[in-house]
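Here's the structure, in structure tokens; my notes come after.
The values are calculated or read from the model by the stated rules, or taken from the named source; none is laboratory data. Because the structure is a prediction, the values reported are computed rather than measured. Cβ coordinates were reconstructed from backbone atoms using ideal geometry, including for glycine residues, and neighbour counts include every protein chain displayed. For accessibility, only protein heavy atoms count, side chains too; no ligands or nucleic acids. Shrake-Rupley method; radii C 1.70, N 1.55, O 1.52, S 1.80 Å.
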Amino acid sequence: MEDLSWARGVQRITAFTGAGISTDSGVPDYRGPQGLWTQDPTAADIFTYDRFLADATVRRRFWEVFSGRQGEVRPNVAHRALADLEASGKAVRIVTQNVDGLHQKAGSSPRKVIELHGSLTTASCLDCGERTTADAALAQLPTEPLCGCGGPLKPSIVMFGEYLDSDVLSQARRIAAASELFLVIGTTLQVEPAASLCGLAADLGARVVIVNRDPTPYDDRATAVIRTPIGEAIPAICAELMS
């Protein structure tokens with residue numbers, strides 16, 4: 001494991017997580033070698049808001065793909081290490097691009113987890129706004145999941161072509177700005193405006209540490225760049241932060 005001397009004396013920690021932290025839980029990423037969009041480039045279309053609105057076939061395919069990514073998905077050692085770090089008394093906030101809810105399942109306080117792109121646990125009707133669980137929507141497959149009013153159901157996530165919730169983004173920016181350590185885990189830092197949080201933290205003097213298999217646009221601004229697998233690196237980093 002790399003030198004972790006940068007972890008000494010740190011109190012305010014932001015973990016900024018992407019799809020890479022959940023791959024060890026069996027959740028495929030999007031852009032990696034085995035990623036959903038790498039294996040099937042056309043799959044990105046079903047995450048586009050305008051396409052989702054316009055085409056019932058796209059909506060049904062989205063729910064089918066989502067159903068295939070479900071199953072017994074459990075938090076892995078990296079999720080649990082971050083939860084243990086919070087439990088140790090450190091000031092830890094998690095800002096995640098993920099919609100899988102695994103940080104909360106691992107024991108991180110829900111109020112300390114900011115879900116930038118929403119959550120796949122619920123859905124809402126595009127016509128009347130009624131909310132339901134994603135499980136209830138999935139139970140309607142192979143037909144298109146519909147609300148009781150007959151309107152189409154959309155998962156409670158931010159799709160391509162939609163804006164992030166301004167209040168959620170503002171909260172994430174405040175957290176990034178207050179960080180002493182901005183720990184990037186398993187994200188290519190290519191999706192904006194989420195990725196700009198890394199630059200904001202760096203501009204305001206945080207130590208930026210990037211744990212990711214592949215290069216990112218922010219590597220040259222980082223205090224450390226770690227290519228060690230996430231399942232090894234994050235428990236080691238969290239142990240050092242707690243020492």
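Counting every C-alpha pair in segment 167-206, the share spaced more than 16 angstrom apart comes to 30%. Rolling a 1.4 Å probe across the protein heavy atoms gives the chain an accessible surface of 46 Å² per residue. Averaging 1/r across all pairs of distinct Cα atoms in segment 62-127 and inverting the result yields a Kirkwood radius of 13.1 Å. In sequence order, segment 15-27 has phi-based couplings of 9, 9, 10, x, 4, x, 6, 9, 5, 5, 8, x, 9 Hz under the Karplus curve 6.51 cos²θ - 1.76 cosθ + 1.60, θ = phi - 60°, and Gly or Pro positions carry x.
Just to be sure I understand: of the beta bridges DSSP finds with both ends in the chain, what percent are antiparallel, rounded to 5? Antiparallel bridges: around 25 percent, rounded to the nearest 5.
Note on GLU130/SER170: beta-carbon distance plugged into 1/(1 + (r/R0)^6) with R0 of 30 Å gives a FRET efficiency of 0.65.
Using only Cα atoms, tell me the angle between helix 77-87 and the longest principal axis of the chain; keep it within 0 to 90° and round to the nearest 10. Compared with the principal axis, the helix lies near 70 degrees. If R0 equals 22 Å, the separation of the Cβ atoms of GLN11 and ALA236 corresponds to a calculated FRET efficiency of about 0.70. In this view, the solvent-accessible surface of TRP6, computed with a 1.4 Å probe and all protein chains in place, comes to about 20 Å². Full extension of the chain segment joining GLU180 with TYR49 gains 43.6 nm, where the gain is 0.36 nm per residue of separation less the Cα-Cα distance. Summing charges over all other residues whose Cβ lies under 15 Å from the Cβ of LEU116, with Lys and Arg as +1 and Asp and Glu as -1, gives -2. Relative to the longest principal axis of the Cα atoms of the chain, helix 56-68 runs at roughly 50 degrees.
Translational D (Stokes-Einstein, µm²/s) of the chain at 10 °C and 1.306 mPa s when Rh comes from the Kirkwood sum over C-alpha pairs? Translational D for this selection: 85 µm²/s. The 3J(HN,Hα) values that the Karplus relation (6.51, -1.76, 1.60; θ = phi - 60°) gives for segment 181-188 are, in residue order, 10, 10, 9, 8, 10, x, 9, 7 Hz. Gly and Pro appear as x. Eigenvalues of the alpha-carbon gyration tensor of segment 106-243, scaled by 5 and square-rooted, set the equivalent ellipsoid semi-axes at 35, 17, 14 angstrom, largest first. Rounded to two decimals, the Cα radius of gyration of segment 194-243 over 2.2 N^0.38 Å is 1.19.
Straight Cα distances below 25 angstrom link LYS90 to the lysines LYS105, LYS112, with same-chain residues fewer than 8 positions distant left out.
Built from the Cα atoms of segment 70-173, the convex hull projects on average onto 7.9 nm², one quarter of its surface area.
Seen against the Cα atoms of the chain and their longest principal axis, helix 230-242 is set at about 50 degrees.
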